[in-house]
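Working notes, beginning with the structure itself.
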Amino acid sequence: MNCEKNSQSNIIKFPGTNNPRVDEQQKEFAKLIGDLSNKMSRYDWHVHILSKKELLILSNHGEAIELSPLIAARLNSSLATSLINNSFMEDLLWEKKEKAIAA
């Protein structure tokens, strides 16, 4: 069987087939990665919030996304800060719930 593997993803393109949804998804991924790279390359990169779509693409395809070392390092820092902030908020909510139960 003659098939060509796309170099940008794990999707195998078979001859004579066309899936516009795959093309739209690849365009959206490229836009999101471009937006993410743009945010992380700015001087004020640390104040930009990552969107849910950006987090989702990083979660699902992060190992296949090639970023410059600086952008990758800033992204790691930004994600770690988000995790710490979310953990802190969860701790506060848990303490409040425990106090309400004890009262």
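Of the residues Glu54, Glu66, which is within 15 Å of Gly34 (Cβ to Cβ) and loosely packed, with under 10 Cβ neighbours inside 10 Å?
Going through Glu54, Glu66 in turn, just one is within 15 Å of Gly34 (Cβ to Cβ) and loosely packed, with under 10 Cβ neighbours inside 10 Å: Glu66.
Out of the residues in the stretch 77-93 that are at pLDDT 80 or above and surrounded by fewer than 11 Cβ atoms within 10 Å (Cβ to Cβ), state the one that is nearest to Tyr43 (Cα to Cα).
Step by step, filter the stretch 77-93, then rank; the result is Ala80.
Filter the stretch 43-53 for residues that are modelled with pLDDT of 90 or more and in a loop (DSSP other than H, G, I, E, B) and give the result.
Across the stretch 43-53, the qualifying residues are Tyr43, Asp44.
Taking only the stretch 54-73 into account, find how many residues are assigned to a loop (DSSP other than H, G, I, E, B) and among the polar types (S, T, N, Q).
Within the stretch 54-73, residues that are assigned to a loop (DSSP other than H, G, I, E, B) and among the polar types (S, T, N, Q) number 1.
Starting from residues that are within 23 Å of the chain's Cα centre (by Cα), at pLDDT below 90 and surrounded by 14 or more Cβ atoms within 10 Å (Cβ to Cβ), keep the ones in the stretch 13-42 and report whichever is nearest to Ala73 (Cα to Cα).
Gln26
Return the pairs, sorted by first residue and then second, in which the second residue is among the aromatic types (Phe, Trp, Tyr) and at pLDDT 80 or above, the first residue lies in the stretch 74-103 and is under 16 Å from Leu55 (Cβ atoms) and part of a helix (DSSP H, G or I), the beta carbons are less than 9 Å apart, and the residues are 6+ apart or on different chains.
Arg74/Trp45; Leu75/Trp45; Ser77/Trp45; Ser78/Trp45
The values are calculated or read from the model by the stated rules, or taken from the named source; none is laboratory data. The shown structure was predicted, so the numbers you read here are calculated from the model rather than taken from an experiment. All Cβ positions, even for glycine, are placed from backbone atoms using ideal geometry, and neighbour counts span all protein chains on display.
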